[in-house]
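The values are calculated or read from the model by the stated rules, or taken from the named source; none is laboratory data. Fair warning: this is a prediction, and the values are worked out from it, not measured in the lab. Counting neighbours? That spans all protein chains shown, and the Cβs are built from the backbone with ideal geometry, glycine included. Please note that ligands, DNA and RNA were not included when accessible areas were found on the heavy atoms of the full protein model with its side chains. Shrake-Rupley method; radii C 1.70, N 1.55, O 1.52, S 1.80 Å.
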Amino acid sequence: MDRNAGSFVAVRRLVGTDRAAGAVAFHHSSSAEVVTGSTAWIGRGLSCVCAQGRESDARLSFDLTPVQEGCLQRLQNRIEVQYDGSNTEHQEELKALWCASFPGTELRGLISEQWKEMGWQGKDPSTDFRGGGFISLENLLFFARNYSKSFQELLRKQNGDRAIWEYPFAVAGVNITFMLIQMLDLQAVKPRSLFGAVFLKLLSENDRAFDILYCITFKLMDQQWLDMHATYMDFNTVMKSTRRQLERELLLEDIQRIEDMPSYKRLAR
């Protein structure tokens with residue numbers, strides 16, 4: 001999976017027949033961040049080993065239960081699958097996403113100008129999956145099928161005072177998948193932060209926890225966008241603010257299930 005991809009296209013909110021659009025590039029940083037938080041989670045299914053060399057080089061290492069190891073491995077297997085435009089299964093999932101997004105509207109082809117209406121950069125969505133892989137398509141489809149009301153509200157930008165230049169829905173979704181994988185360090189052998197360790201506890205309770213967290217994040221990101229009166233140049237700032245809010249919620253002591261996160265209540269089916 002290409003973890004260096006991070007392009008982003010801004011779209012202008014359409015008024016009447018105006019379909020002008022502009023583009024700007026956004027880039028996610030892959031550098032590590034210092035993690036701090038309550039140790040209240042340690043002892044609740046998490047075993048922590050703290051290793052420290054230099055004063056500035058502290059690191060947390062978490063031992064996993066066999067159940068957690070299995071859950072992480074299955075999720076990592078999903079993460080490593082690249083989108084393949086020649087794969088029939090992948091093609092069918094992409095068609096299913098269109099049907100869930102625009103029920104009753106016929107898709108004229110897997111390569112079509114219609115895809116731009118959903119917020120893809122061009123007429124071939126497969127070129128936008130490099131940063132998120134096949135799991136980013138699975139995340140979008142899960143959102144559409146399980147929280148259709150919230151999905152449609154975000155897709156159609158139905159809530160709030162929207163910006164003239166809005167974030168493109170579909171590409172934003174790929175960026176969210178990428179951000180969550182980075183934030184939770186899901187390609188590591190074992191968690192290296194409290195956030196990743198807490199998430200694996202939630203994943204062992206619900207094997208769809210990553211997909212649900214994706215939906216929570218998308219809804220939270222849109223609310224942050226509105227609260228900040230953001231426009232396309234602010235997307236990275238909005239994503240950073242969204243990440244900080246997710247991190248705070250993950251470390252709340254009463255979070256036993258992914259559905260216990262306060263922002264889960266934002267989702268509507």
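Odds and ends about this structure:
- Rounded to the nearest Hz, the phi-derived 3J(HN,Hα) couplings of the range 191-205 under the Karplus curve 6.51 cos²θ - 1.76 cosθ + 1.60 (θ = phi - 60°) are x, 10, 8, 4, 4, x, 5, 5, 4, 5, 4, 5, 5, 6, 8, where x marks glycine and proline.
- With all protein chains in place and a 1.4 Å probe, the accessible surface of the range 211-260 carries 45 percent carbon and sulfur.
- Proximity of backbone amide H atoms, modeled 1.01 Å from N, is registered between Trp165 and Arg13, Tyr232 at under 5 Å, excluding neighbours fewer than 5 places apart on the same chain.
- Solvent-accessible area per residue in the range 126-204 equals 28 Å², computed with a 1.4 angstrom probe and all protein chains kept.
- FRET efficiency estimate (nearest 0.05) - Cβ-Cβ, Thr231 to Ser112, R0 22 angstrom: 0.20
- Taking θ as phi - 60° and the Karplus parameters 6.51, -1.76 and 1.60, the scalar couplings of the range 103-113 work out to x, x, 9, 6, 8, 7, x, 5, 10, 7, 4 Hz in sequence order, x denoting glycine and proline.
- Taking all protein chains together, Cys99, Cys71 sort by accessible area into Cys99, Cys71, largest first [probe 1.4 Å].
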